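Below is one structure, written out as structure tokens, with a few remarks after it.
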Amino acid sequence: MIISVNVNGLSKMREEKMEKIIEVLKKEPTRGFTITEMVKSSNLSRHIVLKTLTRLEGAERVSIRNAGMAKIYSLKKSSTGRRK
């Protein structure tokens, strides 16, 4: 059995999930969110949220601060505006 995968479809799904995470982060730009809070707000799996945050971190679009054992994620100020 051969399964074909539409690469454009996969990247579109990935982009939609990333936009969902960004929208959650925009709700509380100064306070930020833990991974658990983002999972609850986005209705995405923990794995997807963490993977997406790793991508956003690599693109330097999120900042991370530690609060005890938790990491608090927030959008960097330059990420909240429109891109040129």
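The values are calculated or read from the model by the stated rules, or taken from the named source; none is laboratory data. Predicted, not measured: the structure shown is a model, and the values here were computed from it. Positions of Cβ are generated from backbone atoms using ideal geometry, with glycine treated the same way; all protein chains shown enter the neighbour counts.
A few comments on the model shown:
- The range 59-75 - residue that is of a type in the set (S, T, N, Q) and either part of a loop (DSSP other than H, G, I, E, B) or in contact (Cβ under 8 Å) with a residue 12 or more places away in the chain (or both) and, of those, surrounded by the fewest Cβ atoms within 10 Å (Cβ to Cβ): S63
- Of note, L56 does not satisfy the criterion of being surrounded by 11 or more Cβ atoms within 10 Å (Cβ to Cβ) and either modelled with pLDDT of 95 or more or outside any helix (DSSP H, G or I) (or both).
- Residue ID - modelled with the lowest pLDDT, chosen from residues in the range 1-44 that are part of a loop (DSSP other than H, G, I, E, B), within 15 Å of R65 (Cα to Cα) and β-branched (V, I, T): T30
- Look at the range 21-35: where a residue is under 12 Å from K77 (Cα atoms) and a partner is assigned to a loop (DSSP other than H, G, I, E, B), sitting 6+ places away or on another chain with Cβ atoms under 7 Å, you get K26/T80; P29/T80.
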